[in-house]
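To keep things clear, I will list the structure first and then write my remarks on it.
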Amino acid sequence: MTEPIQLAVIALVVLLSGISKSGFAGALGAFSVPILMMVLNPKDAIALMLPLLIVADVFSLKSYWRLWNMTELKRLLPGTLVGIALATLFLQGVSEFWLTVVIAAMSIIFALKSLLIKNTPESVGHLRLLAASTSTAAGISTTLIHAGGPPLMVYFNTRKLEPTAYIATVAVLFALMNVIKLATFSATGLLQWQHVLLAICFTPLALLGNRLGVYLAKRLPKKQFLLVMNGLLLMLGVVLIGKLL
């Protein structure tokens, strides 16, 4: 992983990840592994992406420290842990094809609903069911394809959080999930020391991406922010479907 073209693509992904985590609640994360697979084999792409994401997590947490919504964290964290546990157990046998189909369909349907139909308050029972299902899906998808953003965006599109609280809450969830994945990837031998060392080398670029993301997030009005979020969610769904064709 020392060819110039490989380093250039990795640099692009690091910058994109920093912007995505600190400015767009991880909405661009699903693009990272496919981009890396242009120059790396799938296993190296998945393994390398994890320490890169953790580097970006450090800067995101620093930028949004204690700005998260604790109620939402408590509601979502159990489902993400269940999802990670399930995906870890079935990592070798679960079909990524059908998981991608489900996530893409959810992304497109809920993005169109949010863009075209006015959101209505969720009942307590429905909210709990939605939180459990989307957080579990996020735990599964982040373990298998590093794309936990779309399911979480489905949930947060029904909530009325300010952009800063929204991004901070998602940043904490991503950081917790990635730390857990660090243990499972290391235990299975997927993650090697060269992946970690390479990620450390790109730390300054991750910081730049973080600053750019924070800059963009603070300057987008709430309505425009939500429009961007739903537009990205729709685009993610289309991209995921396109990957299957």
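Some notes on this structure:
- The residues of the stretch 58-86 that are farther than 25 Å from V14 by Cα and of a type in the set (A, V, I, L, M), listed by number, are M70, L73, L76, L77, L81, V82, A85, L86.
- For the stretch 86-136, the set of residues classified as at pLDDT below 70, surrounded by fewer than 14 Cβ atoms within 10 Å (Cβ to Cβ) and of a type in the set (G, A, S) consists of S123, G125, listed by residue number.
- Verdict on A168 being buried (at least 17 other Cβ atoms within 10 Å of the Cβ), more than 19 Å from T136 (Cα to Cα) and of a type in the set (G, A, S): yes
- Within the stretch 33-77, being open to solvent by less than 40 Å² (accessible area, probe 1.4 Å), over 17 Å from V170 (Cα atoms) and not in a helix (DSSP H, G or I) holds for V39, L40.
- Subset of the stretch 21-32 that is among the hydrophobic types (A, V, I, L, M, F, W, C) and open to solvent by less than 30 Å² (accessible area, probe 1.4 Å) - its residue that is modelled with the highest pLDDT: F24
- Lone qualifier among L226, L197, L234, L220 - being modelled with pLDDT under 85 and over 14 Å from Y166 (Cα atoms): L234
The values are calculated or read from the model by the stated rules, or taken from the named source; none is laboratory data. The model shown is predicted, which means the values in this text are computed figures rather than measured ones. A quick note on method: Cβ atoms are made from the backbone with ideal geometry, for glycine too, and the neighbour counts reach across all protein chains shown. When the accessible area is computed, the model is the full protein with side chains, heavy atoms only, and any ligands, DNA or RNA have been set aside. Shrake-Rupley method; radii C 1.70, N 1.55, O 1.52, S 1.80 Å.
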